[in-house]
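Right, one structure below, let's go through it.
The values are calculated or read from the model by the stated rules, or taken from the named source; none is laboratory data. Predicted, not measured: the structure shown is a model, and the values here were computed from it. Positions of Cβ are generated from backbone atoms using ideal geometry, with glycine treated the same way; all protein chains shown enter the neighbour counts. Each accessible area value is taken on the protein alone, full model and side chains, heavy atoms only, with ligands, DNA and RNA left out. Shrake-Rupley method; radii C 1.70, N 1.55, O 1.52, S 1.80 Å.
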Amino acid sequence: MNKISKILENSLNIIMASALAIMVVLVFGNVVLRYFFNSGITWSEEMSRYLFIWLTFLGAIGAFKNKEHLGVDMVIKRLPNKMKKVVLVISDLMMLFVLLLILDGSWKMTMINIDSAAPATGMPLAFVYGTGILVSISMGSMIIFNLFRIFFNKIKDEELVMISESEELISLHADEFESDIRIVKEEKQG
């Protein structure tokens, strides 16, 4: 299961990086064309917007998987483990309900716009509205897997708090920060 999860996460990162790179090229190319040649790529702005939508929603999936969304855990940290599990189940069920609403709305919007095309690219608008379907199914499956782990006691006590603190994230990347600081200091001295 970890191998599949890692492959999916790497694929997600590659898709997001590609979308960002294509967006940068399209927007920068359009700016250069407008300023220097008084022309432009007609579909560039629309395509960049759609890529940004996909990038945002795919990033939300990645952040959800890594528990990097914002959250407040002052009360939860003080609860005993049994109550932490109860609160975690309640919050997971609430998120699952919201994701079902997103899935329902995205499905309806996708079906309404299945025959509609974007004005500049001619791309079906269902491609844009389908992001909600992908996000809700992806996050929903992660929540269901998390609920399975809770109900069958396969979750560790430190995983009962759903968010990662910024200090924890900094400590995970401390080596990178230290090497960056060392490089900057060497450049200033040299």
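With respect to I22, is the statement that it is open to solvent by less than 90 Å² (accessible area, probe 1.4 Å) and not in a helix (DSSP H, G or I) true?
Criteria not met by I22.
Just a yes or no: is a residue in the stretch 25-35 assigned to a helix (DSSP H, G or I), touching a residue at least 24 places away in the same chain (Cβ under 8 Å) and open to solvent by 40 Å² or more (accessible area, probe 1.4 Å)? No, every residue in the stretch 25-35 fails to be assigned to a helix (DSSP H, G or I), touching a residue at least 24 places away in the same chain (Cβ under 8 Å) and open to solvent by 40 Å² or more (accessible area, probe 1.4 Å).
Evaluating M162 against the criteria (1) surrounded by 12 or more Cβ atoms within 10 Å (Cβ to Cβ); (2) at pLDDT 75 or above; (3) more than 19 Å from I53 (Cα to Cα) leaves one unmet condition, (2). Of the helices (runs of 4 or more DSSP H) lying entirely inside the stretch 67-157, the ones with 1 or more residues being open to solvent by 90 Å² or more (accessible area, probe 1.4 Å) and within 19 Å of L55 (Cβ to Cβ) are found at 126-151. The single condition among (1) closer than 22 Å to K77 by Cα; (2) modelled with pLDDT of 95 or more that L103 does not meet is (1). For G122, the stated conditions do not hold, so it cannot be described as of a type outside the set (S, T, Y) and under 22 Å from the mean Cα position of the chain (by Cα).
Per this entry, S11 is counted among residues that are in a helix (DSSP H, G or I) and more than 21 Å from P119 (Cα to Cα). In the stretch 39-52, of all residues being assigned to a helix (DSSP H, G or I) and open to solvent by 50 Å² or more (accessible area, probe 1.4 Å), the one that is modelled with the lowest pLDDT corresponds to E45.
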